[in-house]
1. Taking the criterion of being under 13 Å from the mean Cα position of the chain (by Cα), loosely packed, with under 15 Cβ neighbours inside 10 Å and modelled with pLDDT under 85, would at least one residue in the stretch 52-74 satisfy it?
2. Quick check, is residue 81 surrounded by 17 or more Cβ atoms within 10 Å (Cβ to Cβ), modelled with pLDDT under 85 and farther than 17 Å from residue 28 by Cβ?
3. Any residue in the stretch 1-13 that is at pLDDT below 60 sitting within a Cβ distance under 9 Å of a residue that is surrounded by 11 or more Cβ atoms within 10 Å (Cβ to Cβ) and in a loop (DSSP other than H, G, I, E, B)? List the pairs, counting only those 6 or more apart or interchain.
4. With respect to residue 42, determine if the residue is in a helix (DSSP H, G or I), at negative phi and modelled with pLDDT under 85.
């Protein structure tokens, strides 16, 4: 699936809504996981990246997982690169769920 790059205004809108609405945060996270588990890794990783940017941020996730933030952004959440389910599980549970 080809996705158009999101505009800054859209990303800021998502961030603002995620900060203000816990149900929206949860829905965004669930959508990312469902996409990945259904096999659409590229879109799922993109949504998860948006979720991380709108909530915890890559710097805090890096601290919690012990993985450098640039590595998280470059390897784990760039749609063109792959990461198996085991590394997602490790990073999600260690970082996002704490």
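1. yes
2. Judged against the criteria, residue 81 is not a match.
3. Filtered contacts from the stretch 1-13: 1/40; 3/79.
4. Answer is yes for this residue.
The values are calculated or read from the model by the stated rules, or taken from the named source; none is laboratory data. Just so it is clear, the model here is predicted, and its values are computed rather than measured. Cβ coordinates were reconstructed from backbone atoms using ideal geometry, including for glycine residues, and neighbour counts include every protein chain displayed.
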